[in-house]
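Comments concern the structure below.
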Amino acid sequence: MKDTSTVPKRNQILSEFLSNFFNVSDDESLEDILKVTAYREVKGGEYLMRRGDEGESMYLLMSGRLVALVPDAVGKSILVGEISRGESVGEMALINDGATRSADIYAIRDSVLGEIHKSDFEVLIRKYPDFLLHISRLVVSRLKNQLSFQKKPNSFVVFSVYKADDTPSVNHTVDLFIKSIEKFGIAKVIDSDFIEKEIGIRGISDSETKSDHQRISVLLNELESQHDYLLLISNKEDDNWSELCLRHSDYSLVIVDTSLGKHKRSIEKIFDNYAPENGWNVKMMLVHPETTSLPERTIEWYHDRKINGHHHVRTNNKKDISRIARIVCGRSNGLVLSGGGAKGMAHVGVYKALEEQNIEIDYVCGTSIGSIMAGLIAMDMSAKEVSDMSEEVFMNNPTPVKDFNLFPFYGLLSGKKINKLLKTVFKDIQIEDLWVPYFCVSSDLTSAKMRLHETGPLWKSIRASISLPGVFPPVIYEHHVLVDGVVFNNIPVDIITKKGVGNVIGVNLDTDEIKEVNVAELPSFLERWTSKLFRKDKYENLPNMMETIAKSTFAMSENQSRDHFNKIDLFFSPPVYHFGLMDWKSFHKISEIGYKHAKQLMAGRDDLDQFRDSETE
C-alpha cells in the first residue's frame, strides 16, 4: 500500500514554491498551476533529460541539484552550468516551439521537481499572460548571464560530512564546522540513528528496499524545506547510508587526519562511482596538527581518489574552519590584486586596512606584482608579516642596474635577481600547499590565451605572471612560453567569480597615461641628453623605453578590466599613478597611500558587515 502520510506536506511545500516562483498571490491562480504540476523525482546519478530530445515539459527544482553537460570536441562531457533549488530548466524548448534540448541535464543529488507539461504550459500562458512574462524574464536573465559573466555565489544547502578517521582532531573539526555553518542560518544535523528513529525502522544502512529509500528521500526533502542547511553525518562504514548522504548532498566533505598518512580510507570507496567531471562535488578537508607552518606534498592526496578539490585546516583553528564554512555557504571574500610594478606596494597597505576591519580573505589571486602579494597572503601571513617580507624583497631592489643585459636577447633584464628573491621567499612551496586558496594568471604566447596557475611550483608561476614582455625574459613552463598576465587579464575578477565567492574585493593600480607631447618627432640621443644636462623641460613628457613597453602591454588589458569593475563589491583604486614601475625605494610611501585610501573608503561605507561573519566582528 502506498504511503500517503507525506503527501499533504509535499503539496504545501509545492504551493509555497509555486507562489514564490511565479509571484502568484491569489488562491485561484495558484490552484490552477497546482492542478497541472506533477511531481518528478530523479535520483542522483540519473539524467532528467538528454541533449537532442524534444522539449515536452519544463521543470521547477524544489530540492536537489542538477548540472548541464555538453560534449566537447572528442565527445567527453563537460559541465557548463548548474541548476540550484528555486531555479527552472527546460522552459526555453517550450517557448521556442519545436526546439530540442541543447544539453544533458544530470542530477548530482536526489532531486524533486515540479513538472509542467507543454500542453498545460500553453493553457496557462493563455489564461495568465503574467505567467509567460515571468518565464520570459527568467530566460532573458539566463541568456544575459551567459553572454557576460555574473557573480554566482555558492548556493549549497545540503552537506554530507564523512569522518574518514575516528580521531579527536577529526571529531573536534566536525563540531567546529557545524557551529560555523550555524552562524549563517538554521542548520539540522542528521545521522543514520536520527533517520531510523524518524521513519521507524531499524538497520537503514542495510536496507535495500525502494520504499524505505523513498521515505528517507521524502523526509530529507521536507527537512530541507524547513531549514537553511542540512548536515548529513556519516562516520560508519555502511555503504547504504554513506551513499544516501552523497546522493542527497550539494557538497561532500571527506575529513581526514593527516597524521595517519595519505592512504585511501575505506569509507571513500563509495566515491569511485561518481565522477567529479559530471558535477559531483567531493572535496577533502585535510586536518593538520595545529603547529603546522605549511602543508606539504598535497598533490599526493589525490592519488587513486575521485575528488575535485581540498581544504587545509589546522586542528582547533577556528579561523581555518570558519573560512571553509564561508566558502561552502557562499559568504566568502575573494581578494583580487592587479599588476603595476612597484605601485603594487599599495596592496600591502590595503591588506592592512582590511585586517583592521576584521575582514578575512578566503580566496586570493593576482596578476604580476599582485601575484606576489597574493602568494604571501595565501601563506596565511598577517598584514605586518606581508609588509616585512615585501620590504625585505623590494627595498633590496629586484631590478638592479647590474641585472640589465648588455645584449638584451630575451629582455632588458636578465631576471637573475628576481629569480633568486622569489626562490628565497617561496622556496619549493606548491600552490596546492597554501592555506588560503590561490591562483595567479600569466599570458601563454604558445597557445595565445590566458594561463591559469592553480597548481604547481608557486615561485615559478609567479615568475611567469610578472614577466613583463621586453623587460624580463619569458618563462618556459611545460614547454609553453609564458609572459606577464597583464597582457590578457590585469585584474582577474572574471576568474574568481567562477569560484562561487560571496564578495569580490578588488585592488586596481591605474598606470599614468602618456601625455601629449609638444614635438613633431622624437629627439636624437644627443638632443635628449643635452636637454637633461641643462635641465630643460622640452622633452619631459616623452616616454622612456620602460614606460613605452609597460603602457603598450597594459593598454588592452586595462580596457577589458574596466568592464569588470562593476562586479567588484569592495573596490579600491589607490592614487599611485605618479610612481614609476620600478620605484622600489618608495615602498613605504606607496604602501601608506594604499592604507589611507582603503581606510578612508571603508570609513564611508555602512555595509562592511556583509564581509564579516560573527566570529570576526
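The table that follows gives values for the structure above.
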read-out	value
Candidates Ile505, Ile418 - the one that is over 24 Å from Thr292 (Cα atoms) and at pLDDT 95 or above	Ile505
Region 146-167, residues that are in contact with a strand residue (DSSP E or B) (Cβ under 9 Å, 6 or more places away or on another chain), farther than 19 Å from Cys329 by Cβ and modelled with pLDDT under 85	Gln146
Search result, residues across region 123-170 that are among the charged types (D, E, K, R) and open to solvent by 70 Å² or more (accessible area, probe 1.4 Å)	Arg126, Lys127, Asp130, Arg137, Arg142, Lys144, Lys152, Asp166
Filter pass, Asn397 being in contact (Cβ under 8 Å) with a residue 60 or more places away in the chain and open to solvent by 50 Å² or more (accessible area, probe 1.4 Å)	yes
Scan of region 143-192 for residues that are within 30 Å of Val504 (Cβ to Cβ), in contact (Cβ under 8 Å) with a residue 40 or more places away in the chain and among the basic types (Lys, Arg), ordered by number	Lys151, Lys152, Lys183
Region 346-373 residues that are touching a residue at least 60 places away in the same chain (Cβ under 8 Å) and surrounded by fewer than 24 Cβ atoms within 10 Å (Cβ to Cβ), paired with ones that are assigned to a loop (DSSP other than H, G, I, E, B) and among the polar types (S, T, N, Q) (beta carbon under 6 Å, 6 or more apart)	Asn358/Thr616; Glu360/Thr616; Asp362/Ser332
Which numbered condition Ile321 misses (of (1) touching a Leu at 6+ places or on another chain (Cβ under 8 Å); (2) open to solvent by less than 30 Å² (accessible area, probe 1.4 Å); (3) farther than 22 Å from Glu182 by Cα)	(3)
Residue match in region 153-162 (condition: of a type outside the set (Ser, Thr, Tyr), part of a helix (DSSP H, G or I) and out of contact with any Pro (no Cβ under 7 Å at 6 or more places or on another chain))	no
Matching residues in region 71-100 - criterion: being loosely packed, with under 14 Cβ neighbours inside 10 Å, among the hydrophobic types (A, V, I, L, M, F, W, C) and not in a loop (DSSP other than H, G, I, E, B)	Ile78, Val80
Residues located in region 574-602, provided they are open to solvent by 30 Å² or more (accessible area, probe 1.4 Å) and more than 20 Å from Asn358 (Cβ to Cβ)	Pro575, Tyr577, His578, Gly580, Leu581, Met582, Asp583, Lys585, His588, Lys589, Glu592, Ile593
Close pairs (8 angstrom Cβ cut-off, 6 or more residues apart or separate chains): free of Cβ contacts under 8 Å to residues at least 24 places away in the same chain in region 410-435, acidic (Asp, Glu) and in a helix (DSSP H, G or I) anywhere	Lys416/Asp403; Lys417/Asp403
Tally of residues being open to solvent by less than 10 Å² (accessible area, probe 1.4 Å), in contact with a Lys or Arg (Cβ under 6 Å, 6 or more places away or on another chain) and among the hydrophobic types (A, V, I, L, M, F, W, C) across region 101-117	2
Residues that are open to solvent by 80 Å² or more (accessible area, probe 1.4 Å) and either in a helix (DSSP H, G or I) or at pLDDT 65 or above (or both), drawn from region 1-42	Pro8, Lys9, Gln12, Glu16, Asn20, Asn23, Ser25, Asp27, Glu28, Glu31, Lys35
Pairs where the first residue, in region 321-340, is closer than 16 Å to Ile377 by Cα and modelled with pLDDT of 95 or more and the second is part of a helix (DSSP H, G or I) and among the basic types (Lys, Arg), C-beta under 7 Å, 6+ apart	Ser332/Arg326
Elements of type strands (runs of 3 or more DSSP E) in region 455-516, at least 3 residues being open to solvent by less than 50 Å² (accessible area, probe 1.4 Å) and in contact (Cβ under 8 Å) with a residue 40 or more places away in the chain	480-484, 503-507
Tally of residues being part of a loop (DSSP other than H, G, I, E, B) and either modelled with pLDDT of 95 or more or open to solvent by 40 Å² or more (accessible area, probe 1.4 Å) (or both) across region 232-284	7
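Residue-by-condition table, conditions (1) at pLDDT below 95; (2) among the small types (Gly, Ala, Ser); (3) surrounded by 13 or more Cβ atoms within 10 Å (Cβ to Cβ):
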residue: Leu542; (1), (2), (3): yes, no, yes
residue: Glu547; (1), (2), (3): yes, no, yes
residue: Phe565; (1), (2), (3): yes, no, yes
residue: Phe572; (1), (2), (3): no, no, yes
residue: Gly604; (1), (2), (3): yes, yes, no
residue: Thr616; (1), (2), (3): yes, no, yes
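The values are calculated or read from the model by the stated rules, or taken from the named source; none is laboratory data. Just so it is clear, the model here is predicted, and its values are computed rather than measured. A quick note on method: Cβ atoms are made from the backbone with ideal geometry, for glycine too, and the neighbour counts reach across all protein chains shown. The area values use the complete protein model at the heavy-atom level, side chains included, leaving out ligands, DNA and RNA. Shrake-Rupley method; radii C 1.70, N 1.55, O 1.52, S 1.80 Å.
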